[in-house]
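Below is one structure, written out as structure tokens; the observations come after it.
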Amino acid sequence: MDQKYAFLEKVGKEPSNLIKGLQAVQGAEGYVSDESIAAISEYFGIPAVEVEGVLSFYAQFKRVKPGKYKIAICDGTACHIKGSTQVGEWLSRELGIKSGETDARGHFSLETVACLGCCSLAPVMSVNGRVYGKLDRKSIVKILKEYENK
Amino acid sequence: MSQEKIRKIRVGVASCGVAAGADAVLELLRSRAESIPVEGTGCLGHCYAEPMVEVLLDNGDSIFYRNVKAENGYIDNILSLGEKDRFEVPPARKAKELIKVLALAGRIDPTRFEDYTENGGYEGLKRALSMTPADVVNEVKLSGLRGRGGGGFPTGTKWSFLAAKDAPEKILICNADEGDPGAFMDRSLMESVPHQVLEGMLIAAYATGATKLFIYCRAEYPMAICHLKIAINQIYEHKLNVINGRELEIIIKEGAGAFVCGEETALIASLEGQRGTPRFRPPFPTDSGWKGYPSMINNVETFGNVPLILREGAAAFAAIGTEGSKGTKLFALAGDLKNPGLVEVPMGTTLREIVFDIGGADPDKVKAVQTGGPSGGCIPVELFDTPVDYDSLKKLGAIMGSGGMIVIGKDRCMVETARYFLDFTHRESCGKCTFCRVGTTRMFETLERIVAGKGEMADLEFLEDIGPKIRMGSLCGLGQTAPNPVLATLRYYRHEYEAHVKDHQCEALQCSALVDMYLDKTNCIKCKLCVKTCPVGAISDDLVIDNEKCTRCNACKDVCPKKTIHRVKKGSIQ
Ligand SMILES: Cc1cc2nc3c(=O)[nH]c(=O)nc-3n(C[C@H](O)[C@H](O)[C@H](O)COP(=O)(O)O)c2cc1C
Ligand code: SF4
Ligand code: SF4
Ligand code: FES
Ligand code: FES
């Protein structure tokens, strides 16, 4: 196995740890590449197609490389009621990408998730896990500026 | 003002506090407070007042501050015990709440073991260990506790199923998937008092003879996972996991973003590292679950109630609530109301009390409340005298659900709300059952057509016809409940559906396809903020909106200082 994936050793070889293994890979590389699928398949002794079958089931796993800053728009019920559709449209327009895409220079990527657990601050989004609440157009533009040159 | 000495300062740094900026407040307070200890705590449930700071005085009193900012002015005010920004629980809320499960939330440092044990923590376990396992099961039965994960199954009865099994391994699983998108009770409890959930699990392990303990937590909750991990290590250190002479393993598994994995058999498949697809029951998990071993699943809040029952006794617990629903319930209140947050009330409290008295919603502006998330239904404001318990809500075509409660204002469209839920469920269907997979997709497509103004009356009949079929033809709770939001809105708000179809009108002016933007020049001060703000350049220099270009994004409406840009019925501008 590629030395790059030596960290899988910590996960434990039982097949029931497959999801954990995929999470470890995504945690390290930001997404699940073809190369890492091969490594996982070898490590667990599970055919690559089966690995893909499992990972495609779960929304968490990304098959394309995300940007340096991962923006997640919450479209849970509370955020939806409070206008998350517009938040999504504004973000798309500012960044020039749709949900599920990464911008050309690999700086921002955009995804839509269901509920970040901060519903009382709806509408919310997160940037690399940091949650921002009570969004309006002004605050979104400000937050993007903050990350623009980071 | 007589200057009492400050003993300690606490800052609420649970996820929602942090989202409001509490971490920066904590940092600044630490650097400014010199010798006064400043500690992070969990969540007091008053999200609208976050970030919140509690100043504990030498005389035992506390002063709370609300909406604190990480600025020196705010910190000066706090350190000098100023009168500005003080917070008190609104009297109407105080009168209705009954804080039992959340008693320690926001009152202790969740990462400190002693903070829990010095406040009655692990006394429930101690009492349980002094009883026989069968008596513990019986105590939980007598308490009348029912599962808080949505189904409301009697907890003691479920425990007795696992206890009766004779197997080399028995598995106990805590369902911390909290899949209802708009609910955060379990997150708050795990972040704020992780040991309470774990104590409940250890008691259950003793009572049922479980040998392996899993917590299946959604990955979107990093802080909950972190606090649980710390707490588990503390349990290992203090050997609290040694039960009946056997060392029990407690394992956290992170979910990977699939709503259906909250369903018991799907959750078990996911724990085994497979696709989270539900399977037919029987066999029930208590007969054959994780890797074939007898397994039992309870929700986070269910476990969180158990230490109370053991500490205070089943009778004290059963004295709270209604005939069929005992104890208190946590609700995550959000949506169109003044004071969103996490609340705890006795079972049987009415929706009116929760939404208006506790949540501070404006009775003139509320249309309905949605309970039970995508599996639930809406309850119109006219029925708000309904007591909240398992059985009353079911009668209304809604469900108690796990505790997500979304207040829907009069300016929201119920057809669009139903479309939203079906968008969610049709994407989350695991695809195993045709009725669920195809049926929810067809429902979703039909609703999309209606909100786009392209619906027909036959579509409404189609929705009413297919709904019950999806219910019948689906294997698991996802499919069986997916039509609920549509059927409930059709039942109470049929006129809104008909207006979309017959008059191409969205009463709430929410559905963009049926709306134009209109700039009323009478009050306009020609500041042109709208022109500059419009992201698609749809507003001309002489202040006319080009509705062909406009995306109905509301940016201009929100920025206008004179509030003179309106959403109007499509085609109504001459
Ligand atoms: C589609 C679906 C999603 C569910 N999601 C959850 C969940 O996120 N959390 C939870 O505790 N129960 C969830 N449940 C209910 C569980 O299957 C199960 O009934 C519950 O965890 C049992 O615990 P309790 O008896 O303590 O309520 C879900 C059920 C279905 C059908
Ligand atoms: S009802 Fe839907 S989610 Fe449940 S098993 Fe069937 S297809 Fe899957
Ligand atoms: S923002 Fe409002 S007041 Fe200003 S120019 Fe536009 S419509 Fe007129
Ligand atoms: S609905 Fe957006 S944080 Fe919960
Ligand atoms: S204050 Fe904790 S949930 Fe909001």
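Points to keep in mind about this one:
- Options B:ALA334, B:ALA269; residue that is of a type in the set (Gly, Ala, Ser) and out of contact with any strand residue (DSSP E or B) (no Cβ under 8 Å at 6 or more places or on another chain): B:ALA269
- Residue check for B:GLU263: among the charged types (D, E, K, R) and in contact with a strand residue (DSSP E or B) (Cβ under 8 Å, 6 or more places away or on another chain): no
- Answer from B:LYS365, B:LYS395, B:LYS432 - the residue that is over 19 Å from the mean Cα position of the chain (by Cα), open to solvent by 10 Å² or more (accessible area, probe 1.4 Å) and under 21 Å from B:ALA499 (Cβ atoms): B:LYS365
- Within the stretch B:389-409, tally of residues that are at pLDDT 95 or above and out of contact with any helix residue (DSSP H, G or I) (no Cβ under 9 Å at 6 or more places or on another chain): 0
- The test for being within 16 Å of ligand 4 (Cβ to nearest atom) and assigned by TED's automatic domain parsing to the domain that holds B:ARG437 does not hold for B:PRO468.
- Condition check for B:GLU191: open to solvent by less than 20 Å² (accessible area, probe 1.4 Å), in a loop (DSSP other than H, G, I, E, B) and within 10 Å of another protein chain (Cβ to nearest Cβ): no
- Boolean, B:ILE539 is within 14 Å of chain A (Cβ to nearest Cβ) and modelled with pLDDT of 95 or more: no
- Strands (runs of 3 or more DSSP E) fully within the stretch B:347-448 counting 2 or more residues that are within 11 Å of another protein chain (Cβ to nearest Cβ) and small (Gly, Ala, Ser): B:404-409
- When the criteria are applied in full, B:PHE331 meets the requirement of being open to solvent by less than 10 Å² (accessible area, probe 1.4 Å) and away from chain A (no Cβ under 11 Å).
- Filtered residues of the stretch B:341-367 (kept if among the hydrophobic types (A, V, I, L, M, F, W, C) and either touching a His at 6+ places or on another chain (Cβ under 7 Å) or farther than 29 Å from B:PRO154 by Cα (or both)): B:PHE356, B:ALA361, B:VAL366
- Restricting the search to helices (runs of 4 or more DSSP H) fully inside the stretch B:196-315 and requiring at least 3 residues that are under 19 Å from the mean Cα position of the chain (by Cα), more than 16 Å from ligand 4 (Cβ to nearest atom) and of a type outside the set (A, V, I, L, M, F, W, C) gives B:300-312.
- Total residues in the stretch B:159-176, condition part of a strand (DSSP E or B), away from chain A (no Cβ under 12 Å) and in contact with an Asp or Glu (Cβ under 9 Å, 6 or more places away or on another chain): 2
- Leading residue by the ranking (nearest to ligand 2 (Cβ to nearest atom)) among those in the stretch B:435-449 that are surrounded by fewer than 20 Cβ atoms within 10 Å (Cβ to Cβ) and of a type in the set (Val, Ile, Thr): B:VAL438
- Test: residue in the stretch B:414-430 that is more than 21 Å from A:CYS74 (Cα to Cα) and away from ligand 3 (no atom under 16 Å from the Cβ): yes
- Criterion violated by B:GLU382 - all others in (1) touching a residue at least 60 places away in the same chain (Cβ under 8 Å); (2) open to solvent by 10 Å² or more (accessible area, probe 1.4 Å); (3) not assigned by TED's automatic domain parsing to the domain that holds B:GLY156 satisfied: (1)
Each row is one residue, and each column tells you yes or no for (1) closer than 27 Å to A:CYS115 by Cβ; (2) open to solvent by less than 10 Å² (accessible area, probe 1.4 Å); (3) in contact with a Pro (Cβ under 8 Å, 6 or more places away or on another chain).
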position: B:PRO278; (1), (2), (3): yes, yes, no
position: B:LYS291; (1), (2), (3): no, no, no
position: B:ILE320; (1), (2), (3): no, no, yes
position: B:THR350; (1), (2), (3): yes, no, yes
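- In the stretch B:33-79, the residues that are open to solvent by 50 Å² or more (accessible area, probe 1.4 Å) and part of a loop (DSSP other than H, G, I, E, B): B:GLU34, B:SER35, B:PRO37, B:LEU44, B:ASP58, B:ASN59, B:GLY60, B:ASP61, B:ARG66, B:ASN67, B:LYS69, B:GLU71
- Residue within the stretch B:133-156 that is among the acidic types (Asp, Glu) and open to solvent by less than 60 Å² (accessible area, probe 1.4 Å) present: yes
Residue-by-condition table, conditions (1) within 12 Å of chain A (Cβ to nearest Cβ); (2) surrounded by fewer than 16 Cβ atoms within 10 Å (Cβ to Cβ); (3) in a helix (DSSP H, G or I):
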site: B:HIS500; (1), (2), (3): no, no, yes
site: B:GLU507; (1), (2), (3): no, no, no
site: B:GLN510; (1), (2), (3): yes, no, no
site: B:ASP516; (1), (2), (3): no, no, no
site: B:THR522; (1), (2), (3): no, yes, yes
site: B:CYS527; (1), (2), (3): no, yes, no
site: B:LYS549; (1), (2), (3): no, yes, no
site: B:CYS556; (1), (2), (3): yes, no, yes
site: B:SER572; (1), (2), (3): no, yes, no
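- Within the stretch B:558-570, if we keep just the residues that are in contact with a helix residue (DSSP H, G or I) (Cβ under 6 Å, 6 or more places away or on another chain) and of a type outside the set (S, T, N, Q), the residue that is nearest to the other protein chains (Cβ to nearest Cβ) turns out to be B:VAL559.
- No other residue among B:GLY179, B:GLY124, B:GLY82, B:GLY156 is closer than 30 Å to B:PRO387 by Cβ, among the small types (Gly, Ala, Ser) and assigned to a loop (DSSP other than H, G, I, E, B) apart from B:GLY179.
- Residue list for the stretch B:102-121, restricted to those being open to solvent by 20 Å² or more (accessible area, probe 1.4 Å), more than 27 Å from B:THR350 (Cβ to Cβ) and outside any helix (DSSP H, G or I): B:LEU104, B:ARG107, B:ASP109, B:THR111, B:ARG112, B:GLU118, B:ASN119
- Count of the stretch B:80-101 residues, restricted to those that are open to solvent by less than 20 Å² (accessible area, probe 1.4 Å) and either under 28 Å from B:ASP362 (Cβ atoms) or more than 22 Å from the chain's Cα centre (by Cα) (or both), is 4.
- B:ASP166 away from ligand 5 (no atom under 16 Å from the Cβ), among the acidic types (Asp, Glu) and free of Cβ contacts under 8 Å to residues at least 12 places away in the same chain: yes
- Scanning the stretch A:110-119 for residues that are away from ligand 1 (no atom under 16 Å from the Cβ) and open to solvent by 10 Å² or more (accessible area, probe 1.4 Å) yields a count of 2.
- Scope the stretch B:400-429; condition under 17 Å from the mean Cα position of the chain (by Cα) and either small (Gly, Ala, Ser) or more than 16 Å from ligand 2 (Cβ to nearest atom) (or both); matching residues: B:MET400, B:GLY401, B:SER402, B:GLY403, B:GLY404, B:MET405, B:ILE406, B:VAL407, B:ILE408
The values are calculated or read from the model by the stated rules, or taken from the named source; none is laboratory data. Computed from a prediction, not measured in an experiment: that's the story for all the values here. A quick note on method: Cβ atoms are made from the backbone with ideal geometry, for glycine too, and the neighbour counts reach across all protein chains shown. Side chains included, ligands, DNA and RNA excluded: accessible areas come from the protein's heavy atoms. Shrake-Rupley method; radii C 1.70, N 1.55, O 1.52, S 1.80 Å.
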